[in-house]
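K.L.:
Got a structure for you, written out below as structure tokens; questions coming shortly.
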Amino acid sequence: MADNSSKKSPMSELFNELDAGLDSSTGILARLWRIMLKRLNIEPHMWERLLNKWVENNTEIYGRAGANTKKGNAVRSLVKRTLTWKNFMDAISIICSTGKYKMVRFEVHLVPAVEGDTEVVGINVWHKPQENSKHLHGDPSVNFNEAEILKPGDIAHPDKLYLLQNFKNNKFNGVVIKNVSGGDIKVSEDYFHGASAIGQLLLDEDGVIDDHWRLYTPLKAD
């Protein structure tokens, strides 16, 4: 899997490790990431093509400098022995950067100890963007023009799209988001304080998934 073109990349050591049938990962997500690289037969030259396309996709949103910064941060993170959910979602986005895949879905399979059906709980975390769209999580069924303005003090009703404005966490201003909680949510000025995102999932300031929301456009760059 390794070749000379990858030696200057931080990923070269990881590819060499996979070629040797080794695995130095110590975390579940890092282990899954390595399995994905092997299962999808991603070679160093293919990785570079995916990574370059990912940078191109992000340049429209973050600018060339911002996209290159994200590239450097992502590559350095993806060779580590443990990955955060944010690191892993960067990996997913890179794998999907050329539009080969329509959707990425996470599933948990709960296998009964004795007998019965296996229960499967899943969630879609990435959708293929629409053509010529800056919406990283574009969904053909979503009409972004229907998004209503949501400001501090407003109430977000369930299953409606909102465009966030005037929140203290500026990364969220201009983001299209949907309330999927099934009930009304009143949002304060600091409602998104310390929050971040991985794919369409909102994380609170403690890094815990806030399952009340789904994001449909990316956060602003820091």
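K.L.:
Hey, among the residues in the range 180-200 that are modelled with pLDDT of 90 or more and in contact with a His (Cβ under 7 Å, 6 or more places away or on another chain), which one's surrounded by the fewest Cβ atoms within 10 Å (Cβ to Cβ)?
P.N.:
Filtering the range 180-200 for residues that are modelled with pLDDT of 90 or more and in contact with a His (Cβ under 7 Å, 6 or more places away or on another chain), the one surrounded by the fewest Cβ atoms within 10 Å (Cβ to Cβ) comes out as Asp184.
K.L.:
Continuing with this model, one more query. Which condition does Ser97 not pass, out of (1) free of Cβ contacts under 8 Å to residues at least 60 places away in the same chain; (2) touching a strand residue (DSSP E or B) at 6+ places or on another chain (Cβ under 9 Å); (3) under 24 Å from Ser25 (Cβ atoms), if it passes all the others?
P.N.:
Unmet for Ser97, out of (1) free of Cβ contacts under 8 Å to residues at least 60 places away in the same chain; (2) touching a strand residue (DSSP E or B) at 6+ places or on another chain (Cβ under 9 Å); (3) under 24 Å from Ser25 (Cβ atoms): (2).
K.L.:
Phe167: among the aromatic types (Phe, Trp, Tyr), without any contact (Cβ under 8 Å) to a residue 40 or more places away in the chain and surrounded by 15 or more Cβ atoms within 10 Å (Cβ to Cβ), yes or no?
P.N.:
Numbers: among the aromatic types (Phe, Trp, Tyr): yes; without any contact (Cβ under 8 Å) to a residue 40 or more places away in the chain: yes; surrounded by 15 or more Cβ atoms within 10 Å (Cβ to Cβ): yes.
It is true that Phe167 is among the aromatic types (Phe, Trp, Tyr), without any contact (Cβ under 8 Å) to a residue 40 or more places away in the chain and surrounded by 15 or more Cβ atoms within 10 Å (Cβ to Cβ).
K.L.:
What number of residues in the range 40-67 are buried (at least 18 other Cβ atoms within 10 Å of the Cβ), farther than 19 Å from Thr217 by Cα and small (Gly, Ala, Ser)?
P.N.:
So the answer is 0.
K.L.:
May I pose another question? Considering only residues that are at pLDDT 90 or above and small (Gly, Ala, Ser), look in the range 134-164 and name the one that is surrounded by the fewest Cβ atoms within 10 Å (Cβ to Cβ).
P.N.:
This residue is Gly153.
K.L.:
OK, next. Can you tell me which residues in the range 180-222 are assigned to a loop (DSSP other than H, G, I, E, B), hydrophobic (A, V, I, L, M, F, W, C) and in contact with a strand residue (DSSP E or B) (Cβ under 9 Å, 6 or more places away or on another chain)? Don't jump to the end; show me each part of the working.
P.N.:
Initial filter on the range 180-222 (assigned to a loop (DSSP other than H, G, I, E, B)): 180-184, 187-195, 199-200, 204-208, 216-222.
From what is left, the residues that are hydrophobic (A, V, I, L, M, F, W, C) are 180, 187, 192, 195, 208, 219, 221.
Residues satisfying the conditions are Val180, Val187, Phe192, Ala195, Leu219.
K.L.:
Name the residues in the range 22-39 that are surrounded by 14 or more Cβ atoms within 10 Å (Cβ to Cβ), touching a residue at least 40 places away in the same chain (Cβ under 8 Å) and in contact with a Lys or Arg (Cβ under 9 Å, 6 or more places away or on another chain), would you?
P.N.:
Scanning the range 22-39 gives Ser25, Gly27, Ala30.
The values are calculated or read from the model by the stated rules, or taken from the named source; none is laboratory data. Keep in mind that what you see is a predicted model, and the values were worked out from it rather than measured. Cβ atoms come from the backbone with ideal geometry, glycine included; neighbour counts cover every protein chain shown.
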